[in-house]
Amino acid sequence: MSIRNILIHPDPRLKKVTAPVASIDDDLRRLADDMLETMYDAPGIGLAAPQVGVMRRVIVMDCEKDAEATAQPMVLINPEVIWTSEETSVYEEGCLSIPEQYAEVQRPAGVEVSWTDLSGKLQRERFDGLWATCVQHEIDHLDGKLFIDYLGPLKRQMITRKMQKLKREMARG
Ligand code: K1U
Ligand code: ZN
């Protein structure tokens with residue numbers, strides 16, 4: 001397992017729609033392991049493959065907040081939202097590709113998602129609370145959408161400029 005580099009916005013790869021996974025092989029299993037290790041190391045509660053430069057429909061999540069509780073890592077391949085609640089909730093979201101920037105985003109409070117697991121089995125589950133927010137945020141990444149795309153143009157532009165400055169500073173070392 002290894003920690004992969006997380007792309008920082010703006011990056012054209014974070015704006016692209018990713019391709020479905022066609023087969024579950026050793027490369028995919030390694031990608032899933034690396035994504036989980038990268039997410040826990042960051043630390044974060046989710047990560048999508050394009051954030052590590054892999055343009056495939058894979059996400060990982062673990063929204064168990066209690067540090068004492070057992071970890072609940074999830075790997076979702078080709079996830080699809082198949083139902084959304086009418087009720088919405090607002091959560092102050094962050095993103096590992098937009099470090100230290102947070103904003104309130106309104107989304108459906110509950111969603112039902114189908115996906116293929118690492119053993120190739122089709123799964124279907126309802127998510128609520130932080131899990132629902134996180135799975136929608138991660139599936140958005142697979143469609144080239146960032147949480148700042150839900151904000152007004154001024155706020156989005158302000159965050160983008162901060163990230164451009166951060167990237168210049170990081171490049172200087
Ligand atoms: O996709 C990502 O960039 C990961 C992102 C997921 C997410 C956060 C908040 C709402 C929706 C989706 C993060 O994990 S940002 C870091 C974070 O939220 C966190 C970090 C440590 C402890 C708890 C949360
Ligand atoms: Zn994100």
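Listing for the model above:
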{"read-out": "The range 15-108: GluC sites (Glu not before Pro) falling in loop per DSSP and having at most 11 other Cβ within 10 Å", "value": "Glu68, Glu86, Glu87, Glu100"}
{"read-out": "Most fluctuating residue given options Thr133, Thr160, Thr18, as computed from a GNM of the chain linking Cα atoms under 10 Å", "value": "Thr160"}
{"read-out": "Candidates Ala71, Ala103, Ala42, ranked by Gaussian network fluctuation over the chain, Cα under 10 Å, top entry", "value": "Ala71"}
{"read-out": "DSSP H segments from the chain that extend 18 Å or more along their own axis, Cα-based, with Kyte-Doolittle mean of -1.0 or above", "value": "26-41, 129-142"}
{"read-out": "Calculated over the chain: convex hull of Cα atoms, volume per residue (Å³)", "value": "123 Å³"}
{"read-out": "Rel. contact order, % - alpha carbon contacts under 8 angstrom, at least six apart, the chain", "value": "24 percent"}
{"read-out": "Pairwise label distance in nanometres, Ala42 with Asp26, each label 7 Å out on the Cα-Cβ vector", "value": "2.8 nm"}
{"read-out": "Stretch in the chain that is longest and holds no trypsin sites (Lys or Arg not before Pro) that DSSP places in a loop and that have at most 14 other beta carbons within 10 Å", "value": "66-120"}
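Laboratory data are not the source of any read-out in this text; all were calculated from the coordinates shown. A quick note: this is a predicted structure, and the numbers were derived from the prediction, not measured. As a convention, Cβ positions derive from the backbone with ideal geometry for all residues, glycine included, and neighbour counts pool all protein chains shown.
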